[in-house]
Amino acid sequence: MTLKQRRRWQLTAVFIALAIASAFVIVPVLWMFSTSIKTIEEMFSLPLKWIPDTVSWDAYKRIWTDYPFGQYIFNSLFVVSGATIISLLVSCLAGYGASRFRFLGRTAFLTFLLITQMFPSIMLLIPYFKLMKTLGLINTYGGLILAYVSFTIPLASWLMLGYFESIPKELDAAASIDGASRFRIFWQIIMPLALPGAAATAIYAFIVGWNEYIFALVLASDVKMKTVPVGIGELIGQYRIAWNDMMAVALVVSIPLIAIFLYLQKYLVSSLTAGAVKG
Amino acid sequence: MVSQPEELKSKVSSRTYIDKTQMAGLWFALPAALALLVVVAYPLLYGFYISLFETNLLNRWDFVWFKNYARIFTSADFLGTIFTTLKFTTGTVAGQFFIGLTLALLLNTKVPGRAFFRTILIVPWLFPEVVVALLWKWMFNPLYGLFNDVLLKLGVIAEPTSWLGSTETALPSVILVAIWKGYPLVMLLMLAGLQAIPQEQYESAEIDGASWWQSLWFVTLPNLRNVIMISLILNTVWWFKHFAIIWVLTQGGPITATSVISIDIYKTAFESFRFGPAAALAVVVFFIVFLISIGYQKLLGERQ
């Protein structure tokens, strides 16, 4: 076997391995879709069929009529957008500050950001529950936003710090010689260059917020305040499990974010991995 | 030599720029720092405070010193829970690591369609945890689940199995779902690490007659050390305290087969309303996670 032939065999083997791995992703997701277009009768009939005899899109209508998912989606959008905007604002400032200055307490600040990754969210959940009850923040958007920024601010700050590090510091020095104030340098010179990083950070913060489960489970039990993951999670506890409805709603709330992410993936992935590769 | 003073001046001014303004950074970091003090530091301390009480958070606040902690370390249940958590974490992190690294190596070749494969393989990571759990709960359905159907057709099992319903298979099944959800992040990190390795190192290894395995061991893995460390630490920390997937899949059952520490804390606090012991458990988890990450750093740091 020549070298060229061997290379070709190797690539074929790699291709087959990747195709098998992809099947483990594609098959469950397609099964989700297949279930969502089945009627109750066909969903619970054997042998299993990929394409149902009667294709029914009713589940996609029932999401909006039989369940309060319209409300849940609004709640999630409101809370997660609020948390994302707040964390983006403070993390741009903090990321810029930590990347440009060696101020007293900088190490402590960065260490604290890391430590926030280590404690279980449950550790915050119990004090939150008590504090928010006292302050009347249970079942309010404000309470949920407060809880969500506890994990989106550290994440966003790390990502923004990584992005600011990649912008040459000579730019600051040059502007400072021209007499610009520190804040103007940040706002008018560096921030416009950091906008792509800020966009990526906002998307990440939004995704983790959108997917959050346990805070919302405890802090927003009122039907008017529930978020999407909590709404989905509780479907499983119901007496009659309507898998077709569940799969329909699961797809509806997941696909938009997945599409946005995949569309921008090149760019989002590099901003996530930059810190890890540099070490 | 007219330019010399000019040069000197600009050097001096950029020096003072650095020195004089260091504290300005504090102002930039202040909003984030204050926000984290309010939403993280204060509640954490308050959580520790709660852990010193026997309380329902309403009318009963009995100060019991460290009795909640003493009870944790002397109870057999706690050891069982920690053991289950360790099994879950080890299985999940190891599985994600091997699958993530393997797929990254496969994607880092000139295989046709690699952009397509990469896109597909990221997808599980993007689904919300609750959705992943729901999907697999349906896949694992004993009667109408696709999982049993495929295994029956392949002849792996002889009759439908209730994967989540038996104490023996529940934990491995939950681990499988966690691996499915989380391997893409490891894959992306490893892939970025692989792409940063200078090609010359492989070329010189090839000239020295290194086999594929040898260049993996002597070139690839040493270069990935940082990425491997970061992904192992983050993953261990994340999955050690994981809640959502297990809660939706099994609620910790059957019996206590999948009752990891987060589930135990949740049930103690919000089902039994014993907030003191639950808060104490949470503090203990924090220290375990802290020790684990220090241990990793020591372990992987010494290799160099």
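We did not get these values from a lab; they are worked out from the coordinates using the rules stated. These numbers were taken from a predicted model, which means no experiment stands behind them. Note that each Cβ is placed from the backbone with ideal geometry, even for glycine, and that neighbours are counted across all protein chains shown.
The table below gives the values:
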read-out: Cα lying deepest toward the dipole's positive end in chain B, options B:245, B:286, B:134, charges on Cβ; value: B:286
read-out: Sequence of A:102, A:62, B:118 once ranked by neighbouring C-beta atoms within 10 Å, starting from the fewest; value: A:102, A:62, B:118
read-out: Packing rank of A:137-148, B:153-164, B:278-289, where each peptide gets the mean count of other beta carbons within 10 Å, highest leading; value: B:278-289, A:137-148, B:153-164
read-out: Exercise: per-residue mean of other protein chain Cβ atoms within 10 Å, A:204-210; value: 1
read-out: Modelled label reach - residue B:273, point 7 Å along Cα→Cβ, region B:41-56 residues with backbone N closer than 20 Å; value: B:50-56
read-out: Residues with amide H under 5 Å from that of residue B:53, placed H, sequence gap 5 or more; value: B:64
read-out: Cα-centred dipole magnitude for the protein assembly as shown, charges only on beta-carbon of K, R (+1) and D, E (-1), debye, nearest 20; value: 740 debye
read-out: Distance in nm between pseudo-label sites at residue A:85 and residue B:115 (7 Å out along the Cβ direction from Cα); value: 3.6 nm
read-out: Given B:87/B:137; A:266/B:87; A:61/A:133, the pairs whose alpha carbons are separated by over 27 Å; value: A:266/B:87; A:61/A:133
read-out: Max mean-square fluctuation residue, GNM over chain A, Cα-Cα springs under 10 Å, options A:118, A:246, A:225; value: A:118
read-out: For region A:68-278, size of Cβ-based charge dipole, Lys and Arg +1, Asp and Glu -1, in debye; value: 320 debye
read-out: Cβ-based net charge around residue A:187, under 14 Å, with every Lys or Arg adding one and every Asp or Glu removing one; value: +2
read-out: Alpha-carbon centroid distance for the pair region A:1-76 / region B:70-91, whole angstrom; value: 37 Å
read-out: Karplus (6.51, -1.76, 1.60) ³J(HN,Hα), θ = phi - 60°, over region B:40-45, in Hz, Gly and Pro reported as x; value: 10, 5, 4, x, 4, 5
read-out: Number of partner chain Cβ atoms within 10 Å, mean per residue of A:145-157; value: 3
read-out: Cβ-based exposure ranking for B:211, A:81, in which fewest neighbours within 10 Å come first; value: B:211, A:81
read-out: Cα-projected label distance for residue A:23 with residue A:274, points at 7 Å along beta-carbon direction, nm; value: 4.0 nm
read-out: Highest-fluctuation residue, B:148, B:235, B:59 considered, GNM on chain B with Cα pairs under 10 Å; value: B:59
read-out: Average partner coverage of B:231-237, which counts Cβ from other chains inside 10 Å; value: 2
read-out: Least to most buried among A:191, A:123, A:132, B:23 (fewest other Cβ within 10 Å first); value: B:23, A:191, A:132, A:123
read-out: Mean separation of Cα contacts under 8 Å (6+ apart) over length of region A:21-141, as relative contact order %; value: 17 percent
read-out: Length-normalised contact order for chain B - Cα pairs under 8 Å, 6+ apart - percent; value: 26 percent
read-out: Residue among A:88, B:236, B:205 farthest towards the positive dipole end of the protein assembly as shown, charges placed on Cβ; value: B:205
read-out: Relative contact order (%) - region A:68-278, alpha-carbon pairs under 8 angstrom, separation at least six; value: 34 percent
read-out: Within chain A, helix-based [θ] at 222 nm, where runs of 4 or more DSSP H residues each add -39,500 (n - 2.57), nearest 500; value: -24500 deg cm²/dmol
read-out: Within a Gaussian network of chain A (alpha carbon springs, distance under 10 Å), most fluctuating of A:108, A:216, A:59; value: A:108
read-out: Extreme residue, positive dipole direction of chain B, given options B:98, B:167, B:32 (C-beta unit charges); value: B:32
read-out: Sparse-neighbour loop sites [GluC sites (Glu not before Pro); region B:152-259; at most 15 other C-beta within 10 Å; DSSP]; value: B:168
read-out: Sorted peptide list for A:10-16, A:44-50, criterion being average Cβ within 10 angstrom, highest first; value: A:10-16, A:44-50
read-out: Anchor residue B:67: lysines whose Cα lies under 22 Å away (excluding residues fewer than 8 positions away in-chain); value: A:130, B:267
